[in-house]
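Peer 1: Shown below is the structure under consideration.
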Amino acid sequence: MKKTLILAAIAIAPVALTSCGPREFDPESNITVVTREDGSGTKGAFMEILGLKNQPDVNNAVVQNSTAAVLAEVENNQYAIAFDSLGYLDDSVKKLTVDGVEANSANIKSGEYAISRPLNVIYKEATITGSPLYTDYLSFLRSSQAQEIIADNGYVSIVDGASEYESNPSLSGEIDISGSTSLQPLMILLAEEYQRLNPEVVVNVSGGGSGTGYSNAETGVSAFGMISEEFDSDKASSCTPYTVAKDGIGIIVNLNNPLSDISKEDLALIYDSEAPEGEQITKWSQLLG
């Protein structure tokens, strides 16, 4: 359904190329840097992976507020570069390899593709094992139903051969989950399915960031904390992580762009508004040689 909506949006977008075909690509042209609006979870993840967390946009960046708008901008602007979750990309744009590694589920799952990250929940073992409800919810996160929701929403499942979850009519109570706003939308979808299967259970999912996830799980404010990074035991020494999914972000350019691969380092220098003078990459010739 999501892919259909995106294609529909692109189909009505104005086409910038002439009827005679695409213009010749000029490597000396400036790079059109396309990004998402502040508050976008995809943008937050992308900038964090590049080491640019909370930086302002580069000068003259084109800010789009939807996946459809990002794809349309890149499709119709041969000098554009952008990023978006892999689950939403299609053949209207060219997906670059990063440091020679293709952006696909297998490479994200293995950790070879650099522009990706784990989305974890953390918890105290004693807290979970002491509660039939919490134990059951953790088993649901590992189930085939959960893996289907994960895959259908553009994330990468890392569980092979997942078993089907069977609801328990005797379960009741509340589960509090807090932390990463990047993981929050997926956890809300998973919570909705779990509540549908267990009508006497309420799952409360709130944000606050990964720091909140660490703190709340460590102090017992929440049974589960959400973090959108590799688990750092120094931040929650009594907790254990479980990777719910992995999130991959594709780097895209126009189909007429001759570039096929980009390094993570060069990608950062395109989006780094605080790069030292002379180091920021602003023209395609800096990448194409």
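The values are calculated or read from the model by the stated rules, or taken from the named source; none is laboratory data. Remember, it's a predicted structure, so these values are computed and weren't measured experimentally. We place every Cβ from the backbone using ideal geometry, glycine too, and count neighbours over all the protein chains shown. Surface accessibility is based on the protein's heavy atoms, side chains included, excluding ligands, DNA and RNA. Shrake-Rupley method; radii C 1.70, N 1.55, O 1.52, S 1.80 Å.
Peer 1: Within 10 Å, count the other beta carbons around each residue, average over each peptide in 190-200, 109-119, and list them highest first.
Peer 2: 109-119, 190-200
Peer 1: What lysines sit close enough to LYS246 to cross-link, taking a C-alpha to C-alpha distance under 26 Å and skipping anything fewer than 8 places away on the same chain?
Peer 2: Excluding near neighbours in sequence, the set is LYS2, LYS3, LYS43, LYS53, LYS94, LYS95, LYS109, LYS124, LYS235, LYS264.
Peer 1: With all protein chains present and a 1.4 Å probe, how do LEU267, LEU86 order by accessible area, largest first?
Peer 2: Listed by decreasing accessible area, they come as LEU86, LEU267.
Peer 1: Classify the stretch 153-235: rounded, prolate or oblate, from the alpha-carbon gyration tensor (a ≥ b ≥ c, eigenvalue square roots; a/c under 1.5 rounded; otherwise prolate if a/b is larger than b/c)?
Peer 2: oblate
Peer 1: For the chain, what is the largest minus smallest coordinate of the Cα atoms on each principal axis, given in angstrom and ordered from greatest to least?
Peer 2: Largest first, the chain extends 67, 40, 29 Å along its Cα principal axes.
Peer 1: In bins 10 Å wide, starting from 0, what share of all Cα pairs of the stretch 26-117 does each bin hold, as a percent?
Peer 2: Result, from short to long distances: 15, 46, 36, 3 percent.
Peer 1: By its C-alpha gyration tensor, with a ≥ b ≥ c as the square roots of the eigenvalues, how is the stretch 178-223 shaped: rounded for a/c under 1.5, else prolate for a/b larger than b/c, else oblate?
Peer 2: oblate
Peer 1: Now for a different question. Once the piece of chain linking ASP232 and ASN256 is laid out straight, how much longer is it, given 0.36 nm per residue of separation minus the C-alpha distance between them?
Peer 2: That works out to 4.4 nm of additional length.
Peer 1: Let me ask something else about it. Per residue, how much accessible area does the chain show when a 1.4 Å probe rolls over the protein heavy atoms, in square angstrom?
Peer 2: 46
Peer 1: For the stretch 119-163, take N as its residue count and report Rg(C-alpha) divided by 2.2 N^0.38 Å.
Peer 2: Rg over 2.2 N^0.38 Å, computed on Cα atoms: 1.25.
Peer 1: Using only C-alpha atoms and all pairs of different ones, pull out the Kirkwood radius for the stretch 167-289 in Å with one decimal.
Peer 2: Mean inverse Cα-Cα distance, inverted, gives 17.8 Å.
Peer 1: Is it possible to state the helix-based mean residue ellipticity at 222 nm for the chain, with each DSSP H run of 4+ residues giving -39500 (n - 2.57), the sum divided by total residues, to the nearest 500 deg cm²/dmol? What is it?
Peer 2: Estimated from H runs of four or more residues: -9000 deg cm²/dmol.
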